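Read the structure below first, then the notes.
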Amino acid sequence: MVKLTGNKKVKTAVFISGTGSNLRSLIKFSKTNRSPISIDLIVSNNPKAKGLGFGKIFKIRKKILNFDKKNQSENKLLATLKSYDIKMIFLAGFMKILSKNFITKFKGKILNIHPSLLPKYKGLNTHQRALDNKEKHSGCTVHFVNSKLDSGKIVLQKKVKISRNETKHSLAAKVLAQEHKLYPRAILKIFNL
Ligand code: GAR
């Protein structure tokens, strides 16, 4: 689905808004020999995002943008991505919705991870909604980003069992642990590796 040219890793950016545990797992993956990607930029809409700390630890450049003026921020961001030669974007707990214009510029080159078995539970508060509906399973999905929220082509999913005494917090932790494994696997898959 995505072609590798030569043996150079494809430069990518990870967009976050919060803790960045998926960012951390992606950075670790990117440093392995089998990874087709390097992570060259971390983008956040939130200057207080804990995940920004991984930029410092792993010496990765950071770009913080206030998405309130979305067009302006996205235009700045597009220029930054170009200057760093970023070819792919991974959304990892990024809580802003990118514009159609932005997505078109990176068509087929943006992935997202979502904490549900899509197409079920698009949007926010996925774990509570799954519990309220007495689901027996939930999980996570890596998908391509298109202009409709959480609706692009699915790359991979991982199911988890919901136990009897599950809370939204225990379910979130269980799903998150799977997310950390699923995102790298999805990247290998889109590179046909
Ligand atoms: C993850 O569970 C991710 O799937 C979710 O936010 C969490 C971020 O955790 N993303 C969304 O809900 C996107 N709509 P992290 O910051 O520790 O990676």
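Based on the Cβ-Cβ distance from LEU188 to SER151, what FRET efficiency comes out when R0 is 22 Å, to the nearest 0.05? The pair LEU188/SER151 has a calculated efficiency of 0.40.
Each residue in GLU166, GLU179 was given a count of other beta-carbon atoms within 10 angstrom of its own, and listing them fewest first yields GLU166, GLU179. Assuming charge only on the beta carbon of Lys and Arg (+1) and of Asp and Glu (-1), the dipole of the chain about its Cα centre is about 360 debye to the nearest 20. Compute the distance from the alpha-carbon center of region 106-138 to that of region 72-92, in whole Å. The two parts, judged by their Cα centres, are 25 Å apart.
The value of relative contact order for region 60-160, using C-alpha pairs under 8 Å at least six residues apart, is 22 percent.
Shown for PHE58, PHE94: other C-beta atoms within 10 Å of each C-beta, ranked fewest to most, produce the order PHE58, PHE94. Taking 19 Å as the straight-line reach from the Cα of LYS8, the lysines in range (excluding those fewer than 8 positions away in the same chain) are LYS28, LYS31, LYS82, LYS87, LYS109, LYS189.
Neighbour counting of Cβ atoms within 10 Å sorts the residues HIS137, HIS114, fewest neighbours leading, into HIS137, HIS114. Secondary structure note: in the chain, about 40% of the DSSP beta bridges are antiparallel.
The shape of region 1-121 can be summarised by an equivalent ellipsoid whose semi-axes, obtained from the alpha carbon gyration tensor, come to 20, 17, 16 Å from longest to shortest. Dipole check for region 85-136: with +1 at the C-beta of Lys and Arg, -1 at the C-beta of Asp and Glu, and the Cα centre as origin, the magnitude is about 180 Debye. Name the residue from THR80, ALA177, LEU149 whose Cα lies farthest towards the positive end of the charge dipole of the chain, charges +1 on Cβ of Lys and Arg and -1 on Cβ of Asp and Glu. Among THR80, ALA177, LEU149, the one farthest towards the positive end of the dipole of the chain is THR80. Shape class of region 26-82 from the Cα gyration tensor (axes a ≥ b ≥ c, square roots of the eigenvalues): oblate, since a/c reaches 1.5 or more and a/b does not exceed b/c. For VAL142, what is the net charge nearby, where nearby means another residue's Cβ is under 13 Å from its Cβ and Lys, Arg count +1, Asp, Glu -1? Once positives and negatives cancel, what remains is +3. Of PRO36, LEU124, SER138, whose Cα points farthest to the positive end of the dipole of the chain (charges on the beta-carbon: +1 Lys, Arg; -1 Asp, Glu; origin at the Cα centre)? So the residue furthest toward the plus end is PRO36. Helix 70-83 and the long axis of the chain differ in direction by around 60°, with both axes built from C-alpha atoms.
The angle between the Cα long axis of helix 21-30 and the main principal axis of the chain comes to about 50°, on a 0 to 90 degree scale.
Laboratory data are not the source of any read-out in this text; all were calculated from the coordinates shown. Here the structure is a predicted model, which is why all the values come from computation and not from measurement. Cβ sites come from the backbone with ideal geometry, for glycine too, and all protein chains shown count toward neighbours.
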